[in-house]
1. Quick one: count up the residues across region 171-220 that are open to solvent by less than 30 Å² (accessible area, probe 1.4 Å), outside any helix (DSSP H, G or I) and closer than 18 Å to E362 by Cα.
2. Can you name the condition, by its number, that R391 falls short on among (1) within 27 Å of K461 (Cα to Cα); (2) in contact (Cβ under 8 Å) with a residue 40 or more places away in the chain; (3) open to solvent by 20 Å² or more (accessible area, probe 1.4 Å)?
3. Tell me which residues, restricted to region 410-425, are exposed (fewer than 14 other Cβ atoms within 10 Å of the Cβ) and in a helix (DSSP H, G or I).
4. Can I453 be described as loosely packed, with under 15 Cβ neighbours inside 10 Å, among the aliphatic types (A, V, I, L, M) and modelled with pLDDT of 85 or more?
5. Tell me, please, whether a residue that is among the polar types (S, T, N, Q) and at pLDDT 90 or above can be found in region 288-298.
6. Testing R464 on (1) part of a helix (DSSP H, G or I); (2) open to solvent by 30 Å² or more (accessible area, probe 1.4 Å); (3) under 30 Å from H227 (Cα atoms); (4) modelled with pLDDT under 85, one condition comes back false. Which one is that?
7. What pairs can you find where one residue is in region 177-202 and more than 18 Å from Q467 (Cβ to Cβ), the other is of a type in the set (D, E, K, R), and their Cβ atoms are less than 7 Å apart, with a gap of 6+ or different chains?
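The values are calculated or read from the model by the stated rules, or taken from the named source; none is laboratory data. Everything numeric here is computed off the predicted structure, so don't read it as measured data. Here the Cβ is made from the backbone with ideal geometry for all residues, glycine too, and neighbour counts use every protein chain on show. Please note that ligands, DNA and RNA were not included when accessible areas were found on the heavy atoms of the full protein model with its side chains. Shrake-Rupley method; radii C 1.70, N 1.55, O 1.52, S 1.80 Å.
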Amino acid sequence: MGKVKCQKDLAPKYQQTKLFFTVVKSEHKSENHLHIESAKDQADTNSLERSIKSLNINKRKREDIHDPCVDCKNTDKRVSCTALMDDDTVCTNSYCEDCIDGYRTKSGNDTNDVTESGKPIRHISTDSKWACFVCREICSCKQCLSTSKASNKKKTLPFNPPQSLQPTLNPIELVYPEEEIWLRLQIREILYRFGDIFQFPNKILFSLQNVESDWRVKRLGAHVVWHCLIAFSNPDSTESAHTSEPPITNKAKQMMRKWMKEKKIYAQYVDTESRNNALLNSLIQEGMTLSKWEDIAEILALDGFTDLPPYFAVKSNGMSEMSIDDMEVDRHRVTRQAKRTGRNSHLMPPHDELRMVAMLLEVLLSDNRARLSLIEKNSKQIKELEEELGRVKRVYNRDDLVNKAQRNTVMNKIHDMKRLSGQEEIISIAEMELEIAEAEIRDERIRMESYEIELMNLHLKSKRRMQPIGYDNLGNEYWIFNDMLIYDSSQVSLRNNAPYWAYAIIVVGPGYNEQAENENRWWHISGINQMTKLQKWIKTQSTNINPRIFMTHIQDRIQYLRSLEYVVYGEGHFKN
């Protein structure tokens, strides 16, 4: 009598084939019977494989498939490509009608029979033939640029999405020449990053919020010169005391002594701080004259600047590059021009004065305190503020649920009391409780958003370069410039008539008009809704900066505006 198999041995077993799992037949059957069943299973498997391979998947109708289209990612009915690939398979690309309408082929290649390079296109047998933009070698989307086919083509034509996807560009009519606008932006961004380090007064920094406003260059020049001379005269104390003073330090001290003697400040004041303040007041009242700017030019020359205004251009050794006669002629020209414009003949033209201010601030950047602020101070402050913000968020999220539940309870109580008569006193008390609950929720949110604003400003100040946040393939540059204001209860009213310099995204280029390729204009994209639209539109563009980084910068600006709405301007202020 044979050995009885255990229940485990009698259980069915499974083995994996190429396409599915099948039951292993019982072991007590004869070897001949097993061989026949194994051959039958293998035949079934091969038959199924042949059936799958014979399916004409690529040739089925694609008009009714609603998968996301290649470029715009919208789910919509589309047109399928009928071109044959090099391996005789049908191209699987399909495009929605909006994407097809958005393509503009500047070479005029609208034929379905020839590629951009002149190679003939083969199609499947069908009544309507259409070759997609990839097969015609005119697609410049990110996917095509990453393939060898797109990298080998000599010319790429941009994909222009429908105008409905484009954000609204608002034109900026520049008050000053473009060169001066960039000069003002440079001054503005340097003072945004380092103005607090060198103790520039907030009143001066706030006045730079609008790039195109009257900056009162006379006062600005006086403050910049005075603060720079103070910084040059008192270099960072961390430097070695045994090293000799730099030439710029010696020159700055000599210059301040000379100017104080001319105004007899030494005879009127005893301590250094009073003398310095008296010199500042004198510079503000009289302005920076040509002779004083000539002294400053010597400091700039010591630092290697050569593109100084010609009427006091000096070499690095302090000697003039111009002859005395040439300098006098140029000074007379400036004097005549000042008289025609009604300006003091002893003052420089505003544009030249701005150039000198910008160059002097560049010298200030070499100060060790400016370098350390980018490395040590900001990184330490950022870390501490991130920890504090994280703690505040945890407390806010915990208390927010309690406060909202309390508010809902009071609101329900008020609603119930209003149905009854003679409950006015109870309703009045409940409404006061509701106001207190809403005030607590609002105050906690404002506190949290204030930390967000401070942290974002610290991150922005730690950046070492002013550069565009991204480009598009139409030739536009996108810039974000910083907010010069400090927001608390005393600065709520500090608004200007051109807020786009601090709150919008500035676009420099031809815009979205294809006919204006060589025309360089300035635009702004304002409002959270339009910036969100820009994020979506950028996904359709081939940019030479990582689109992910581009969209992160846009999202940071959106978050900054939302925080400002809570802290200062009110909900919905920056919506449109």
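1. 4
2. All conditions are met except number (2).
3. Going residue by residue through region 410-425, those that are exposed (fewer than 14 other Cβ atoms within 10 Å of the Cβ) are 412, 415-416, 418-422, 424-425.
N412, H415, D416, E424, E425 - these are the residues of region 410-425 that are exposed (fewer than 14 other Cβ atoms within 10 Å of the Cβ) and in a helix (DSSP H, G or I).
4. Details: loosely packed, with under 15 Cβ neighbours inside 10 Å: no; among the aliphatic types (A, V, I, L, M): yes; modelled with pLDDT of 85 or more: yes.
Spelling it out, it is not the case that I453 is loosely packed, with under 15 Cβ neighbours inside 10 Å, among the aliphatic types (A, V, I, L, M) and modelled with pLDDT of 85 or more.
5. Here is the first cut: in region 288-298, the ones among the polar types (S, T, N, Q) are 289, 291.
Adding the requirement that they be at pLDDT 90 or above leaves none.
No, region 288-298 contains no residue that is among the polar types (S, T, N, Q) and at pLDDT 90 or above.
6. Among (1) part of a helix (DSSP H, G or I); (2) open to solvent by 30 Å² or more (accessible area, probe 1.4 Å); (3) under 30 Å from H227 (Cα atoms); (4) modelled with pLDDT under 85, R464 violates only (1).
7. Going by the 7 Å Cβ cut-off, the qualifying pairs are I197/R369.
Condition check ((1) farther than 25 Å from P201 by Cα; (2) among the charged types (D, E, K, R); (3) open to solvent by 20 Å² or more (accessible area, probe 1.4 Å)) across all residues:
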{"site": "W259", "(1), (2), (3)": "no, no, no"}
{"site": "K264", "(1), (2), (3)": "yes, yes, yes"}
{"site": "E273", "(1), (2), (3)": "no, yes, yes"}
{"site": "N281", "(1), (2), (3)": "no, no, yes"}
{"site": "E286", "(1), (2), (3)": "no, yes, yes"}
{"site": "T289", "(1), (2), (3)": "no, no, yes"}
